[in-house]
Amino acid sequence: MVEVLEGKGFAGQRTETELERFLLYNANLRTTEPVEFVVEGADNWLQFHYQLSGDTTTLIVEKEMLVPISSNSFAILYQKKGCCKIRFPKNCDYKSFGFRVDPDYFVDSFLKDFKELDPIQQAIKNDSLFYLDKKYASLDSKTRDIIHEILNHPYQGSLSDVYVKHKLVELIFHSIPVLRDNAERLLQEKPAKKKHIERARIFIQNNLDQKLSLKVIAKHCGLNEYALKREFKKKYGQSVIDFFIDLRLKRAYDDIQGTDKKITAVAYEAGYSSVGNFSNAFFKRYGFRPSELRK
């Protein structure tokens, strides 16, 4: 099945192929504006996802859980029935390949023998959401080669099914050791990076009255600006600056609702020189104007 994706600010297509217990997909999309797609699911599913290009964010609706997925990476997600929202930023060139597996098949198949996937089996048994948090692996050349062979093979009919199934197993057996090696590397890096990112978060929370820049925050927590942006978004699901703005707006909300401060003063304390700009940012965050809190 080929689905054409076209609308305001985006164009592309998605191809789906059913193969026994697998649903294979291949998608590409170009955006000129931010786009959000709602994906409804009638059943639970386990997804192996290879993001070839383009950074995206998936919102798991049930728990409001943000899952950032980077370009050139491999991730695993277990999604309960319901829906999720996939968010594409402006000017995104997105390409992906992946497959969904019936969770019961996963638990009963050869995949269960990989200890690296034990947490996913536990999530399936407990019927709880799961994604491979910050352990997704970079795609190597062999992974890309196997995906290319699956997408561009010359076979038809039953021969095609046999070939694709064989290559799919090869892809799984290659990916999981890569995943294991990547997880071991991250375990070594995690304590130091976690400490730096936590330091950045606390610094922001304790300095809401200051004019903080990315450069100042990065210097304080001991990371370069690129690493701070990347690691902070992985951990908290939003950029450093958006986190800072959200905290200021939350404090502004509490001040307007719980004190007699003038809205002009609250706006200034939140870092806005114009009440109009403050009101617009407040409306974008909460869906109503600050003055409505005092009606």
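Given the criteria among the aromatic types (Phe, Trp, Tyr), over 18 Å from the mean Cα position of the chain (by Cα) and surrounded by 14 or more Cβ atoms within 10 Å (Cβ to Cβ), does Phe37 qualify?
Numbers: among the aromatic types (Phe, Trp, Tyr): yes; over 18 Å from the mean Cα position of the chain (by Cα): no; surrounded by 14 or more Cβ atoms within 10 Å (Cβ to Cβ): yes.
Here the answer is no, as Phe37 does not meet what is asked.
Just one of the numbered conditions (1) surrounded by 14 or more Cβ atoms within 10 Å (Cβ to Cβ); (2) over 30 Å from Ala137 (Cβ atoms); (3) in contact (Cβ under 8 Å) with a residue 24 or more places away in the chain is not true of Lys250; which one?
Of everything listed in (1) surrounded by 14 or more Cβ atoms within 10 Å (Cβ to Cβ); (2) over 30 Å from Ala137 (Cβ atoms); (3) in contact (Cβ under 8 Å) with a residue 24 or more places away in the chain, Lys250 misses just condition (3).
Which one of Lys219, Lys233, Lys250 is part of a helix (DSSP H, G or I), under 13 Å from Ile197 (Cβ atoms) and either in contact with a Lys or Arg (Cβ under 9 Å, 6 or more places away or on another chain) or not assigned by TED's automatic domain parsing to the domain that holds Ile69 (or both)?
Being part of a helix (DSSP H, G or I), under 13 Å from Ile197 (Cβ atoms) and either in contact with a Lys or Arg (Cβ under 9 Å, 6 or more places away or on another chain) or not assigned by TED's automatic domain parsing to the domain that holds Ile69 (or both) holds for just one of Lys219, Lys233, Lys250, which is Lys233.
Return the pair list, or none, for Cβ contacts closer than 8 Å from residues in segment 262-273 that are not assigned by TED's automatic domain parsing to the domain that holds Arg251 to residues that are surrounded by 12 or more Cβ atoms within 10 Å (Cβ to Cβ) and assigned to a helix (DSSP H, G or I), at least 6 apart or on different chains.
Cβ pairs passing all conditions: none.
Among (1) at pLDDT 85 or above; (2) assigned to a strand (DSSP E or B), there is one condition Val4 misses while meeting the rest; what is its number?
If we test Val4 against (1) at pLDDT 85 or above; (2) assigned to a strand (DSSP E or B), just (1) comes out false.
Within segment 79-101, can you find the residues that are among the hydrophobic types (A, V, I, L, M, F, W, C), modelled with pLDDT of 75 or more and not in a loop (DSSP other than H, G, I, E, B)?
Within segment 79-101, Cys84, Ile86, Phe88, Phe97, Phe99, Val101 meet the criteria.
What number of residues in segment 266-276 are farther than 20 Å from Ile217 by Cα and surrounded by 13 or more Cβ atoms within 10 Å (Cβ to Cβ)?
So the count comes out to 4.
Within segment 236-247, which residues are touching a residue at least 24 places away in the same chain (Cβ under 8 Å), out of contact with any helix residue (DSSP H, G or I) (no Cβ under 8 Å at 6 or more places or on another chain) and assigned to a helix (DSSP H, G or I)? Break it down stepwise before answering.
Of segment 236-247, the ones touching a residue at least 24 places away in the same chain (Cβ under 8 Å) are 236-238, 240-241, 243-247.
Checking the rest, the ones that are also out of contact with any helix residue (DSSP H, G or I) (no Cβ under 8 Å at 6 or more places or on another chain) come to 237.
Across segment 236-247, there are no qualifying residues.
What number of residues within segment 144-159 satisfy the criterion of being in contact with a helix residue (DSSP H, G or I) (Cβ under 8 Å, 6 or more places away or on another chain), closer than 14 Å to Glu170 by Cα and of a type outside the set (A, V, I, L, M, F, W, C)?
So the count comes out to 1.
Each row is one residue, and each column tells you yes or no for (1) assigned by TED's automatic domain parsing to the domain that holds Leu179; (2) modelled with pLDDT under 80; (3) over 23 Å from Asp118 (Cα atoms); (4) part of a loop (DSSP other than H, G, I, E, B).
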site: Glu33; (1), (2), (3), (4): yes, no, yes, yes
site: Val39; (1), (2), (3), (4): yes, yes, yes, no
site: Thr57; (1), (2), (3), (4): yes, no, yes, no
site: Ser71; (1), (2), (3), (4): yes, no, yes, yes
site: Leu77; (1), (2), (3), (4): yes, yes, no, no
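Name the residues in segment 150-159 that are in a helix (DSSP H, G or I) and loosely packed, with under 15 Cβ neighbours inside 10 Å, would you?
Correct list: Leu151, Gly157, Ser158, Leu159.
In segment 274-294, what count of residues is obtained for those that are part of a helix (DSSP H, G or I) and without any contact (Cβ under 8 Å) to a residue 24 or more places away in the chain? Before you say what the answer is, go through the steps one by one.
Taking segment 274-294 as the starting set, the residues that turn out to be part of a helix (DSSP H, G or I) are 275-286, 290-294.
Now drop any that are not without any contact (Cβ under 8 Å) to a residue 24 or more places away in the chain, which leaves 275-277, 279-280, 283-284, 292.
Within segment 274-294, residues that are part of a helix (DSSP H, G or I) and without any contact (Cβ under 8 Å) to a residue 24 or more places away in the chain number 8.
Does Val107 satisfy the criteria of being β-branched (Val, Ile, Thr), modelled with pLDDT under 75 and under 30 Å from Ala227 (Cα atoms)?
no
Residues of segment 256-273 being in a helix (DSSP H, G or I), under 17 Å from Asp209 (Cβ atoms) and not β-branched (Val, Ile, Thr), which ones?
Passing the criteria: Ala265, Ala267, Tyr268, Glu269.
The values are calculated or read from the model by the stated rules, or taken from the named source; none is laboratory data. No experiment lies behind these values; they were computed from the predicted model shown. All Cβ positions, even for glycine, are placed from backbone atoms using ideal geometry, and neighbour counts span all protein chains on display.
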